[in-house]
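One structure is given here, and the rest of the page talks about it.
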There are 2 protein chains.
Amino acid sequence: MTKEIKVGIIGFGTVGAGVAENLINNGEVIEKRTGLKIIVSKIADLDITTDRGVTVAADVLTTDAYKAMEEVDIVAELVGGTTIAKDFTLAALKLGKPVVTANKALLAEYGEELFSVAEENGVNIYYEASVAGGIPIIKGLREGLVSNRIERVYGIMNGTCNYILTRMENEGLDFEPILKDAQELGYAEAEPSLDVDGFDTAHKTAILASLAYGEWFGMDPIYVEGIRDVSVMDIEFAKELGYKIKLLAIIKEANGEVEVRVHPTLIPSNTMLGNISDVFNGVMVTGDTVDDTLFYGRGAGREATASAVVADIVDVALNLQYGSHRRVPAFKLNPQYNKLKNIDDIETRYYLRLQVADKVGVVAQLSKALGENNISISSIVQKETKDEESGNVSLKIITHKAIEKELKAAVSKIESLADVCDKVKIFRIEDI
Amino acid sequence: MTKEIKVGIIGFGTVGAGVAENLINNGEVIEKRTGLKIIVSKIADLDITTDRGVTVAADVLTTDAYKAMEEVDIVAELVGGTTIAKDFTLAALKLGKPVVTANKALLAEYGEELFSVAEENGVNIYYEASVAGGIPIIKGLREGLVSNRIERVYGIMNGTCNYILTRMENEGLDFEPILKDAQELGYAEAEPSLDVDGFDTAHKTAILASLAYGEWFGMDPIYVEGIRDVSVMDIEFAKELGYKIKLLAIIKEANGEVEVRVHPTLIPSNTMLGNISDVFNGVMVTGDTVDDTLFYGRGAGREATASAVVADIVDVALNLQYGSHRRVPAFKLNPQYNKLKNIDDIETRYYLRLQVADKVGVVAQLSKALGENNISISSIVQKETKDEESGNVSLKIITHKAIEKELKAAVSKIESLADVCDKVKIFRIEDI
């Protein structure tokens, strides 16, 4: 007889409903493939009356999450946030229940504590859905590429930002109006900060960096910049140079030093990553043995996220079936680096955009400030069009590789020049 | 104490040497990540004197593969071909040893037999490296997307073909001179048929289709066409229409009917798949829940293939450690379709290229032949340039969706027309 595995879904929101729906609709396929009958046994939420488009027996729904967790084999924590979700997760682990979660914020901030409680209780936490939605990147990175020293990970991992940047590029409109429209269309939250200021990407980045280099980094070492300062003018300048601007997660190692950062980045247009548009996500992992690999798909949404959550549920169910509960542990401390690099010490190429007075000698002053800080210019372009009112012109400069702190010193000097107006716009370039 | 797992590599060719090298160089990383110490304990080959750039202790090398297999925990079959490789694989399974293989031809042709012997002996076969080299597509498809009904799989899975087609496109040269150069550069075999006639892609397609739809199909149901008939003129015509020509594996299901085919295909240039160039491979899997996902990377080569083989070795080693030997069995019969569609019954759009006499009424005759077979024309273009000698002109026609057998009837009629010279060139279009 096929063994039945009982799943308790904690949190009946968008993702919770998607997971219930997937398990109900595709339970037969999963059983055919694995021999396991996975049952949505309990769904807990404070609101169990709203119609989520999923039909379940009346005794499945409950407002008592703790009781529900006691009665199931696997707990799917789909509440979100880092308060009650943490309580539920800890409670489940202490009950000896394996937990599947999509909660990147919870893991990025409390991963170490949760993993340690899981280990103490001989259970496991699976979190495929926490990074890049439906894309099986966690499994790909830690199982598929297990034999590789990871040289780099580049990620476009926030659908809202990628959607906004794609529309800015296609429509020639600036950030604010596109954000507003995206909010009306449901592609951006009413409170968009988590997405557009880069924190959501940073949560995912923290998780991938930790798996790549064997230390649960948390959020502290991650440098984060969002996309609010990207203007359509920058996107168009970048385009002329053969680049797109993407909110890019960059994780890389060289000589034992690891960099982990999230910021708007110019990447070559004619690359696989450069072609990832709209709400789609992509993660490029470069291993010393496999070279470049790319994992692409939908990074969010009810169905795509459910696909990843249910894949984890199946993995956990197989572990229950075979008694291999911690075959691939939630996280195994295995440091493979010596030092985390401060943002000031990174070396990269830069895109600078300045408003300057249309006068003789300005470029000479800029060059001098850059040169004094060991920054050499790769290209410099001054647009013919000048601002009607001020008489200022836009200059864009692409540098050769430079050290961030030297770049900052040069920019500080440049911003003090009488003929330079406004702050200098700075974006980093990644020549993938 | 860390448990040591002994691996026997059977076949010390390019891939065998790559696997040995990866296990030796990255054994420490693998141990950090998994807690397993995986040792290259035996390497068997008839030639154990040639230097493969890998240093192993003298007692590791042996010419006695059978004895080697007895002494190890895991057998990596890296001999290739379907004769002695089959004997070795069967012998290993009968010894109760799990087998890891990169051998797509062996699996496509003898999968059922091998899987059944594996099951009888309570062991398993892993074959990540058999499809798309270093890309973890087998794991991605059968574990990462386990909860999805698979709607489509598109694969660019032969690096040699993709390299040749990319160079034809970039350099405007025809198939033969590029093939010759590719052979000189080592990107194509001296006997290129396995690659350029599509059989290698078909082997991989057979494996993916089987995992997607739960029947070990073997090679029989797969329609295969290679790339020898793709001319640079077709590539240029396609480009004008916004398409690239790729050797594409197409696996799809609709209303219980499954199609499995491999042929040169026009696909839109501005898609992720359309951007896969040179020797790179990519597999797009569309699931009912996850929607489109793409897995991209190097599909061949010593290192990339080794990455996948060693990932499997680690999976098997974890199974040995946890006693979960058949947690994800080599293949589980679980048919999810009713019927395999014959190529004559498929419905798709077509690209036709004809040489016709430059006379009044030719297009009317063509349209009539097409119309009589229920084929409607989406676009028709006649180039101004005519062939100096013959006075003939090239016509290209793009059809709306049509049934293959009706298309063939129309083309047969068209080829019988007095004003149509040569055979009609036919390629299928996939509007991804």
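The values are calculated or read from the model by the stated rules, or taken from the named source; none is laboratory data. Model, not experiment: these values are computed from the prediction. Heads up, the Cβs are rebuilt from the backbone with ideal geometry, glycines too, and the neighbour counts pull from every protein chain shown. Note: accessible area is taken over every heavy atom of the protein model, side chains too, but ligands, DNA and RNA are not part of it. Shrake-Rupley method; radii C 1.70, N 1.55, O 1.52, S 1.80 Å.
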Checked chain B against the a/c 1.5 cut and the a/b vs b/c comparison, axes a ≥ b ≥ c from its Cα gyration tensor; verdict prolate
What trypsin sites (Lys or Arg not before Pro) in segment A:330-432 are in a loop by DSSP, with at most 15 other Cβ atoms within 10 Å of the Cβ?
A:LYS359, A:LYS401
Springs between alpha-carbon atoms under 10 Å, Gaussian network over chain B: tell me which of B:LEU36, B:LEU179, B:LEU208 tops the mean-square fluctuations.
B:LEU36
Which parts of segment B:114-154, residue by residue, lose 40 Å² or more of accessible area when the rest of the protein chains are there, as against the chain isolated (1.4 Å probe)?
B:PRO136, B:LYS139, B:GLU143, B:GLY144, B:VAL146, B:SER147, B:ARG149
Quick one: buried accessible area between B and A, total over both chains, 1.4 angstrom probe, nearest 100 Å²?
5100 Å²
Between B:ALA364 and B:GLU112, Cβ-based FRET efficiency (R0 56 Å, step 0.05) works out to 0.60
With springs only between Cα atoms under 10 Å apart, run a GNM on chain A and tell me which of A:GLU143, A:GLU189, A:GLU303 wobbles the most.
A:GLU143
What gaps in nm, shortest first, separate B:ASP387 from its twins in the other copies when you place the label 7 Å past Cα toward the beta carbon?
6.4
Surface accessible to a 1.4 Å probe, per residue, for the residues of chain B, Å²
38 Å²
Distances in nm between the label point of A:THR63 (7 Å along Cα→Cβ) and its equivalents in the other copies, shortest first, are 8.1
With +1 on each Lys and Arg Cβ and -1 on each Asp and Glu Cβ, how big is the dipole of chain B about its Cα centre, in debye rounded to the nearest 20?
980 debye
Per-residue ³J(HN,Hα) for segment A:68-75, Karplus 6.51 cos²θ - 1.76 cosθ + 1.60, θ = phi - 60°, Hz, x for Gly and Pro:
4, 4, 5, 8, 10, 8, 9, 9
Out of residues 5 or more away from A:ASP358 or on other chains, whose amide H comes under 5 Å of its own, with H placed 1.01 Å from N in the peptide plane?
A:VAL393
Carbon plus sulfur fraction of accessible area for segment B:204-252, probe 1.4 Å, in percent:
45 percent
Inter-copy spacing of B:ARG228 label points, which lie 7 Å from Cα along Cα→Cβ, given in nm from shortest upward:
6.4
Please report the residue of chain A with the smallest beta-carbon distance to the A-to-B rotation axis, and give that distance in Å, no decimals.
A:SER324, 2
In the structure displayed, which of A:LYS246/B:LYS401; A:LYS139/A:LYS339; A:LYS401/B:LYS244; B:LYS180/B:LYS244 lie more than 29 Å apart, Cα to Cα?
A:LYS246/B:LYS401; A:LYS401/B:LYS244
Please report, as a whole percent, how much of the solvent-accessible surface of segment B:28-90 comes from carbon and sulfur atoms (probe radius 1.4 Å).
52 percent
Whole-percent carbon and sulfur contribution to the accessible surface of segment B:309-395 (1.4 Å, no ligands, DNA or RNA) stands at 45 percent
DSSP H segments from chain A that extend 20 Å or more along their own axis, Cα-based, with Kyte-Doolittle mean of -0.5 or above
A:104-120, A:199-213, A:302-322
A drop of at least 30 square angstrom in accessible area, chain alone versus all protein chains together, probe 1.4 Å. Which residues of segment B:26-41 meet that?
B:ASN26, B:VAL29, B:LYS32, B:ARG33
Which parts of segment A:274-312, residue by residue, lose 30 Å² or more of accessible area when the rest of the protein chains are there, as against the chain isolated (1.4 Å probe)?
A:ASN275, A:THR289, A:VAL290, A:ASP291, A:ASP292, A:LEU294, A:PHE295, A:TYR296, A:ARG298, A:GLU303, A:SER307, A:ALA311
For chain A, with a Gaussian network of springs between Cα atoms less than 10 Å apart, report the residue from A:ILE150, A:ILE137, A:ILE377 with the top mean-square fluctuation.
A:ILE377
